[in-house]
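The values are calculated or read from the model by the stated rules, or taken from the named source; none is laboratory data. In this text the structure is predicted, and so the values were computed from the model without any measurement. Positions of Cβ are generated from backbone atoms using ideal geometry, with glycine treated the same way; all protein chains shown enter the neighbour counts. To get the accessible areas, we keep the full protein, side chains included, count just its heavy atoms, and leave off ligands, DNA and RNA. Shrake-Rupley method; radii C 1.70, N 1.55, O 1.52, S 1.80 Å.
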Amino acid sequence: LYAVAASAAKLFAAALRSSGGADARKYLQGRGFGPDEWERFSIGYAPDEWTWTIDKLKAEGFTLEEIIGAGVARDGQDGKPPIDTFRGRVTFEITDTAGKVIGFGGRALAKDAKAKYINSPETALYSKGRVLYRIKQARELLAKTKAAGLVVGEGYLDVIAFERAGIAAVAPCGTALTEDQLQLIFGQRGA
(Lines give C-alpha, C1' and ligand atoms only; values in the text may rest on other atoms or scores of the structure.)
Protein backbone atom coordinates (compact mmCIF):
# COMPACT_ATOMS: atom_id res chain seq x y z
CA LEU A 1 0.00 0.00 0.00
CA TYR A 2 2.93 2.33 0.69
CA ALA A 3 4.16 1.70 -2.85
CA VAL A 4 0.73 2.54 -4.29
CA ALA A 5 0.58 5.79 -2.32
CA ALA A 6 4.14 6.74 -3.30
CA SER A 7 3.40 6.03 -6.98
CA ALA A 8 0.19 8.04 -6.84
CA ALA A 9 2.16 10.95 -5.33
CA LYS A 10 4.60 10.84 -8.26
CA LEU A 11 1.72 10.71 -10.74
CA PHE A 12 0.01 13.71 -9.12
CA ALA A 13 3.29 15.68 -9.10
CA ALA A 14 3.84 14.96 -12.80
CA ALA A 15 0.21 15.80 -13.65
CA LEU A 16 0.59 19.23 -12.03
CA ARG A 17 3.46 19.98 -14.41
CA SER A 18 1.69 18.54 -17.47
CA SER A 19 -0.44 20.43 -19.98
CA GLY A 20 -3.55 19.16 -18.19
CA GLY A 21 -2.42 20.78 -14.93
CA ALA A 22 -2.71 24.37 -16.21
CA ASP A 23 -5.74 25.27 -14.06
CA ALA A 24 -4.12 23.78 -10.96
CA ARG A 25 -0.90 25.71 -11.62
CA LYS A 26 -2.89 28.90 -12.12
CA TYR A 27 -4.71 28.37 -8.82
CA LEU A 28 -1.45 27.69 -6.95
CA GLN A 29 0.34 30.64 -8.52
CA GLY A 30 -2.62 32.82 -7.54
CA ARG A 31 -2.00 31.70 -3.95
CA GLY A 32 1.69 32.58 -4.26
CA PHE A 33 3.02 29.05 -4.82
CA GLY A 34 5.41 28.47 -7.69
CA PRO A 35 7.28 25.37 -8.84
CA ASP A 36 9.75 25.50 -5.94
CA GLU A 37 6.87 25.33 -3.44
CA TRP A 38 5.12 22.56 -5.38
CA GLU A 39 8.25 20.48 -4.93
CA ARG A 40 9.04 21.54 -1.35
CA PHE A 41 5.51 20.93 -0.10
CA SER A 42 4.74 17.86 -2.24
CA ILE A 43 1.80 19.42 -4.06
CA GLY A 44 0.30 17.71 -7.09
CA TYR A 45 -2.81 17.54 -9.23
CA ALA A 46 -5.37 14.79 -9.78
CA PRO A 47 -6.90 15.21 -13.25
CA ASP A 48 -10.65 15.55 -13.52
CA GLU A 49 -11.18 12.06 -14.94
CA TRP A 50 -13.02 9.14 -13.39
CA THR A 51 -10.25 6.53 -13.62
CA TRP A 52 -7.04 8.41 -14.54
CA THR A 53 -5.21 7.35 -11.36
CA ILE A 54 -6.57 3.80 -11.45
CA ASP A 55 -5.47 3.38 -15.07
CA LYS A 56 -1.97 4.77 -14.44
CA LEU A 57 -1.42 2.66 -11.32
CA LYS A 58 -2.72 -0.51 -12.99
CA ALA A 59 -0.26 0.15 -15.83
CA GLU A 60 2.48 0.18 -13.17
CA GLY A 61 1.39 -3.32 -12.08
CA PHE A 62 -0.76 -2.54 -9.05
CA THR A 63 -4.03 -4.41 -8.60
CA LEU A 64 -7.37 -2.69 -8.23
CA GLU A 65 -7.60 -4.15 -4.72
CA GLU A 66 -4.27 -2.50 -3.78
CA ILE A 67 -5.30 0.82 -5.32
CA ILE A 68 -8.57 0.85 -3.38
CA GLY A 69 -6.76 -0.40 -0.27
CA ALA A 70 -4.44 2.61 -0.40
CA GLY A 71 -7.43 4.96 -0.64
CA VAL A 72 -6.50 6.29 -4.08
CA ALA A 73 -9.68 4.82 -5.55
CA ARG A 74 -13.01 3.76 -4.12
CA ASP A 75 -15.71 1.31 -5.02
CA GLY A 76 -18.33 2.71 -7.34
CA GLN A 77 -21.83 3.19 -5.98
CA ASP A 78 -24.87 1.17 -7.00
CA GLY A 79 -22.82 -1.54 -8.70
CA LYS A 80 -20.79 0.89 -10.81
CA PRO A 81 -17.08 0.29 -11.36
CA PRO A 82 -14.48 1.80 -9.00
CA ILE A 83 -13.49 5.45 -9.47
CA ASP A 84 -10.57 7.66 -8.46
CA THR A 85 -10.92 9.24 -5.02
CA PHE A 86 -9.37 12.51 -6.19
CA ARG A 87 -10.56 14.14 -9.40
CA GLY A 88 -10.05 17.74 -10.49
CA ARG A 89 -8.17 18.60 -7.29
CA VAL A 90 -4.87 20.03 -6.17
CA THR A 91 -3.36 17.30 -3.99
CA PHE A 92 -1.34 17.54 -0.80
CA GLU A 93 0.67 14.51 0.32
CA ILE A 94 0.00 13.34 3.86
CA THR A 95 2.88 11.39 5.36
CA ASP A 96 3.51 9.43 8.51
CA THR A 97 6.14 10.45 11.06
CA ALA A 98 8.81 8.69 8.99
CA GLY A 99 7.88 10.67 5.88
CA LYS A 100 6.18 7.85 3.94
CA VAL A 101 3.13 8.90 1.91
CA ILE A 102 0.01 7.43 3.52
CA GLY A 103 -2.77 9.57 2.04
CA PHE A 104 -3.75 12.80 0.37
CA GLY A 105 -5.77 15.89 0.88
CA GLY A 106 -7.42 17.38 -2.17
CA ARG A 107 -8.65 20.91 -2.84
CA ALA A 108 -11.32 21.21 -5.53
CA LEU A 109 -10.66 23.53 -8.43
CA ALA A 110 -14.33 23.70 -9.47
CA LYS A 111 -16.21 26.46 -7.64
CA ASP A 112 -19.38 24.33 -7.50
CA ALA A 113 -17.73 21.20 -6.04
CA LYS A 114 -19.75 19.49 -3.29
CA ALA A 115 -16.76 19.65 -0.95
CA LYS A 116 -13.95 22.19 -1.24
CA TYR A 117 -11.54 19.81 0.54
CA ILE A 118 -11.54 16.03 0.82
CA ASN A 119 -9.10 13.61 2.39
CA SER A 120 -8.19 10.01 1.71
CA PRO A 121 -10.68 7.55 3.16
CA GLU A 122 -9.74 5.53 6.23
CA THR A 123 -7.31 2.78 5.20
CA ALA A 124 -4.74 0.48 6.75
CA LEU A 125 -2.24 3.33 6.20
CA TYR A 126 -4.32 6.42 6.88
CA SER A 127 -6.64 7.29 9.74
CA LYS A 128 -7.40 11.01 9.75
CA GLY A 129 -7.81 11.20 13.50
CA ARG A 130 -4.34 9.73 14.05
CA VAL A 131 -2.18 11.78 11.69
CA LEU A 132 -1.16 15.40 11.31
CA TYR A 133 -0.33 17.12 8.05
CA ARG A 134 3.46 17.75 7.81
CA ILE A 135 4.30 16.37 11.27
CA LYS A 136 7.72 15.10 10.15
CA GLN A 137 8.67 18.41 8.59
CA ALA A 138 7.34 20.38 11.58
CA ARG A 139 9.46 18.31 13.97
CA GLU A 140 12.54 18.90 11.82
CA LEU A 141 11.89 22.65 11.68
CA LEU A 142 11.19 22.76 15.41
CA ALA A 143 14.53 21.08 16.11
CA LYS A 144 16.34 23.67 13.95
CA THR A 145 14.57 26.74 15.32
CA LYS A 146 14.45 25.57 18.93
CA ALA A 147 11.02 27.24 19.19
CA ALA A 148 8.83 26.53 22.20
CA GLY A 149 6.46 24.26 20.23
CA LEU A 150 4.40 23.62 17.14
CA VAL A 151 1.58 25.74 15.81
CA VAL A 152 -1.60 23.89 14.91
CA GLY A 153 -3.17 25.40 11.80
CA GLU A 154 -6.55 24.78 10.27
CA GLY A 155 -5.55 23.31 6.94
CA TYR A 156 -2.91 22.55 4.35
CA LEU A 157 -2.39 26.05 3.02
CA ASP A 158 -2.19 27.49 6.54
CA VAL A 159 0.56 25.04 7.47
CA ILE A 160 2.44 25.83 4.28
CA ALA A 161 2.21 29.57 5.04
CA PHE A 162 3.55 29.01 8.57
CA GLU A 163 6.38 26.82 7.33
CA ARG A 164 7.33 29.35 4.65
CA ALA A 165 7.64 31.88 7.47
CA GLY A 166 9.94 29.54 9.41
CA ILE A 167 7.29 28.46 11.92
CA ALA A 168 6.86 24.75 12.66
CA ALA A 169 3.18 23.91 12.06
CA VAL A 170 0.84 20.98 11.55
CA ALA A 171 -2.86 20.58 10.81
CA PRO A 172 -5.47 17.94 11.54
CA CYS A 173 -6.80 16.38 8.36
CA GLY A 174 -10.43 17.42 8.37
CA THR A 175 -11.14 16.54 12.01
CA ALA A 176 -11.25 18.30 15.32
CA LEU A 177 -7.95 17.79 17.13
CA THR A 178 -7.95 14.29 18.61
CA GLU A 179 -6.16 12.75 21.57
CA ASP A 180 -3.97 10.72 19.20
CA GLN A 181 -2.96 13.90 17.39
CA LEU A 182 -2.15 15.62 20.67
CA GLN A 183 0.12 12.67 21.48
CA LEU A 184 1.95 13.29 18.20
CA ILE A 185 2.44 16.92 19.16
CA PHE A 186 3.31 16.60 22.83
CA GLY A 187 4.17 12.96 23.44
CA GLN A 188 7.15 12.82 21.14
CA ARG A 189 8.29 16.43 20.92
CA GLY A 190 11.47 16.78 18.94
CA ALA A 191 11.58 13.10 18.01
Quick calc: nm separation of the 7 Å Cα→Cβ label points for Glu154 and Gln29 -> 2.7 nm
Once Glu140 and Ala14 are pulled to full extension, the length gained, defined as 0.36 nm per residue separation minus their Cα-Cα distance, is 42.7 nm
Inter-part gap, Cα centre of the stretch 28-63 to Cα centre of the stretch 65-136, in whole angstrom, is 12 Å
Computed over the chain: longest principal axis from alpha-carbon atoms vs helix 135-145 long axis, angle to nearest 10 degrees, is 30 degrees
With the 8 Å Cα cutoff and a minimum separation of six or more residues, the stretch 79-191 has a relative contact order in percent of 23 percent
Straight-line reach check, Lys146, cutoff 29 Å on alpha carbons, 8 or more apart in-chain or any other chain, hits among lysines -> Lys100, Lys128, Lys136
DSSP beta bridges in the chain: the antiparallel percent, rounded to 5, is 90 percent
Carbon/sulfur accessible area of the chain, % of total, 1.4 Å probe, equals 50 percent
Sorted by chain and number, the residues with a modelled amide H under 5 Å from that of Glu49, at a separation of 5 or more or across chains, are Gly88
With +1 on the Cβ of every Lys and Arg and -1 on the Cβ of every Asp and Glu, the dipole magnitude of the chain about its Cα centre, in debye rounded to the nearest 20, is 540 debye
In whole Hz, the Karplus estimates of ³J(HN,Hα) for the stretch 32-44 (6.51, -1.76, 1.60; θ = phi - 60°; x where Gly or Pro) are x, 10, x, x, 4, 6, 4, 5, 4, 9, 6, 9, x
Taking Cα atoms, the helix 2-17 axis meets the longest principal axis of the chain at an angle in degrees (rounded to 10) of 80 degrees
Mean accessible area per residue over the chain (1.4 angstrom probe, all protein chains present, square angstrom) is 51 Å²
Pseudo-spin-label distance Ala161 to Phe186, built 7 Å along Cα→Cβ, given in nm, is 2.7 nm
